[in-house]
Amino acid sequence: MDALVVIASGIGMTLLLTISAALIGIVGGAVIVLLSQSKNRLLQGIYSAFVHVVRGVPSLVWLFIVFFGLTQIGIVLDPVTSAIVTLGVISIASTAEIYRGGLSSVRAGQWEAGWALGLNRFHAMRDVIFPQVFRSVSPTIATYVIGLLKDSALASTIGVAEITFRAGQQTQLNGDGLTFFAFAGVLYLLLSLPLAVLSRSIHTRLSRRYAVV
Amino acid sequence: MSDFSWLIEWPRYIPDLLPGLGVALMLTLFACVIGYPLGLLLALATDTKISVLRYAVLAIVEIGRGLPILVLLYLVYQGLPQVDIVLDALPSAVLVLTWSSAAYSAEMIRASIASVPRGQFEASLAVSLSRWDLYRYVVLPQASRIAIPPLVNLTITMFHATSLTTVITVAEIMHAAYFHGSITFQYMTVYFAAAIMYAAIAIPGALFAGYLERRIGSPIGGKITVARVARRSLSVG
């Protein structure tokens, strides 16, 4: 029973990793996606190179590059920071792609209406386009954040004491891996439920606030 | 000790990692060749009237999608021996990756079937196609246009996921990379080489999936419709 308590107390770390990476992605992705909307071919190229490179390499490889690899060039990060940086950057790339999909679904008339009212590109984007994008992509982002929750398990490989790491530790101490890892699995399922509920309530609230009839 | 030699020296490690790439590709192949047909079966069984089967399908899909692959790997490799099911690392990896690819593909295939317009089902009923013919000639050809681009992406995801099996000592790319890195301490160089290897396959794959999506990603391709199937079955019958 004590072992299960030890595993469950990894929830805090799992949530810390997930929420930090999600916030980095939701904010950073909104900035990066602007590159893809630029008229400048070079900026568009930088955007698509960034997205393809980040998503073209497995998360575990990025994590090891950040944690083990950077020491070779004199940058030593502790495991938690490494995990947050890695998951954060991956999350920026994925979230930016989600925003890009949302942006292409906003009709051109919305831009034109913004300009007709005398808004410049920046203000049209901030006050007219982005609120609609947030509304349409919020369920997709929520799904992605649930994915991040599962990806946070990667941090166990570099010794961050989150759920999966603790389950492994208890297995080594007491045997009984079946119980411990099944318990860890149940924790992940339980954690993803509130996220799904939260996302639905955010979505309804955004729809009510920014609905364009 | 600032050192950028890794930018030049990474190709030295490629030969060391190549056997690992073979294992990774083999795992991907197994996961997809077994996983996707299973995913199709799971997708078709989602709406079954037999409630035991329906709950079983739900459990397989939700556990496969809801748990981190790492946890599934540990569960099979370190957990199952407790109930006297002892699997080696490689079979454990195949089992978990297949489970995962079946669960994810089931969801994609289910969504693609749901995107086939209702009228196609009704029209098939009207020309009295059998249930088998309905799926074989009307529904699945149209659903496949929707399902194939995400399945190509899933294949890349599964290829990436093979990297996780290093935690249960499968000798794939990351396992080899860790081994060679811990000898020379040139971790950046060796992981950079590994990253290049994954990206060399994944990036073209992602571009191909994007191309497919633009090319065939709309629900009705126009070519395969109930009318055409009906005409064919009438001329045969």
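FYI, it's all coordinate maths here, none of it is from the lab. Computed from a prediction, not measured in an experiment: that's the story for all the values here. Neighbour counts run over all protein chains shown; Cβ positions are idealised from the backbone, glycine included.
Once you reduce segment A:1-63 and segment B:25-75 to the center of their Cα atoms, the two points are 26 Å from each other.
Under the combined filter of DSSP loop state and at most 11 neighbouring Cβ atoms within 10 Å, segment A:92-193 retains none of its GluC sites (Glu not before Pro).
For segment A:182-190, backbone phi angles converted through the Karplus equation (6.51, -1.76, 1.60; θ = phi - 60°) give residue-by-residue couplings of 5, 4, 4, x, 4, 4, 4, 4, 5 Hz, Gly and Pro being listed as x. Need one word for chain A: rounded, prolate or oblate. Basis is the Cα gyration tensor (sqrt eigenvalues a ≥ b ≥ c); a/c below 1.5 gives rounded, then a/b vs b/c decides. It is oblate, given that a/c is not under 1.5 and a/b is not larger than b/c. Computed from backbone phi with θ = phi - 60° and the Karplus coefficients 6.51, -1.76 and 1.60, the 3J(HN,Hα) list for segment A:115-126 is 5, 4, 7, x, 7, 7, 4, 5, 5, 4, 5, 6 Hz; x is used for glycine and proline.
Give the calculated FRET efficiency between residue A:41 and residue B:111 to the nearest 0.05, with a Förster radius of 45 Å applied to their Cβ-Cβ distance. Numbers along the way, then the final one.
Details: r = 35 Å, r/R0 = 0.78.
In this case the efficiency is close to 0.80.
The relative contact order of chain A comes to 30 percent, based on Cα pairs under 8 Å that sit 6 or more residues apart. Inter-label distance, residue A:30 to residue B:122: 4.4 nm, where each label sits 7 Å from its Cα along the C-beta direction.
Only Lys, Arg, Asp and Glu carry charge here, each on its Cβ (+1 for the first two, -1 for the last two); on that basis the protein assembly as shown has a dipole of about 2220 debye about its Cα centre.
Kirkwood hydrodynamic radius (Cα pairs, Å) of segment B:58-151? Please report the intermediate quantities before stating the final value.
Working: mean 1/r = 0.0644 Å⁻¹.
Result for segment B:58-151, one decimal place: 15.5 Å.
Listed from fewest to most Cβ neighbours within 10 Å, the set A:164, A:81 follows the order A:81, A:164. Seen from a random direction on average, the alpha-carbon convex hull of the protein assembly as shown projects onto 26.6 square nanometres.
Please work out the Cα convex hull volume for segment B:6-236 and give it in Å³ per residue. Provide the component values of the computation, followed by the final result.
Details: hull volume 34.5 nm³, N = 231.
Dividing the Cα hull volume of segment B:6-236 by its residue count gives 149 Å³.
Give me B:28, B:46, B:166 sorted ascending by neighbouring Cβ count inside 10 Å, so fewest comes first. Walk me through the numbers before you get to the answer.
Details: B:28 22, B:46 18, B:166 25.
Arranged by neighbour count, lowest to highest, B:28, B:46, B:166 become B:46, B:28, B:166.
Residues of segment B:13-31 with an amide N closer than 11 Å to a point placed 7 Å from the Cα of residue B:169 along the Cα-to-Cβ direction: none.
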